[in-house]
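Just so you know, all these numbers are worked out from the coordinates, no wet-lab data involved. Not measured: the values here are computed from a predicted model. Using ideal geometry, Cβ is built from the backbone for each residue, glycine included, and neighbour counts are taken over all protein chains shown.
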Amino acid sequence: MSDFLDQVEAAVPALRRYARALTRNVDLADDLVQDCLERAISRRGLFRPSGPVRAWLFTILLNLFRNSVRADKRRGQTVDIDSMVIEPSTPAPQPGHIALAEMARAIETLPLDQKEALLLIVLEGVSYAEAATMLGIPQGTLMSRLGRARAALRTLTGMPAEPHLRTVK
């Protein structure tokens, strides 16, 4: 029991990072992680130790996130009053911040399946095999989604395509 809770506790920072990247809202991410932890602890009898607890937690988090996305689509979009700025905004003078904001906007436009795969691999540093297990897809499908996501990000951010190498005889 305590080993299970220790593994759950060790996974919390990674869950929070991934939830914040998925939701792009600190409060929603914290709620998502809290719901994930509550569900995992209350249903720990369903955990089968065939894999790591961390992967099981990420699967729960993803399922909760997907459910909330579906529910939000049914409810319609809400706009936070604080985000409604009347005054003209000025872009950040630092090029790094601009590039980071541009990349974040580009990631937001990706289809959900590509975004989930990209964030697991790039943000969390999860292996391809573990990410495929967490998402419940074959590893080849994961790699295909990653390729499409990376290509879309190159196009959206104006980055040049990877160079095509030719064989010289």
Separation in nanometres of the label points that stand 7 Å from Cα toward Cβ, at ASP82 and GLU38: 2.2 nm
Three semi-axes of the equivalent ellipsoid, the range 1-65, Cα gyration tensor, whole Å, largest first: 20, 11, 10
Relative contact order [Cα under 8 Å, 6+ residues apart], the chain, whole percent: 21 percent
Gaussian network model of the chain, Cα within-10 Å springs - most flexible of ASP31, ASP80, ASP113: ASP80
Fully extended contour minus Cα-Cα distance, from LEU156 to ALA99, at 0.36 nm per residue: 19.4 nm
Shape call, the chain: gyration tensor on alpha carbons, a/c limit 1.5: oblate
Charge context of PHE4, other residues only, Cβ under 13 angstrom, K/R +1, D/E -1: +1
Label-point gap, in nm, between ASP31 and ALA129 - each point 7 angstrom along Cα→Cβ: 3.8 nm
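What is the dipole size for the chain, taken about its Cα centre, with +1 at each Lys and Arg Cβ and -1 at each Asp and Glu Cβ, in debye to the nearest 20?
Dipole magnitude for the chain comes out near 860 debye.
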Lys, Arg +1 and Asp, Glu -1 on Cβ, resulting dipole of the range 1-77 about Cα centre, debye, nearest 20: 480 debye
Contact order normalised by residue count of the range 1-77, Cα under 8 Å, 6+ apart, percent: 33 percent
Prolate/oblate/rounded label for the range 93-160 (Cα gyration tensor, a/c 1.5): prolate
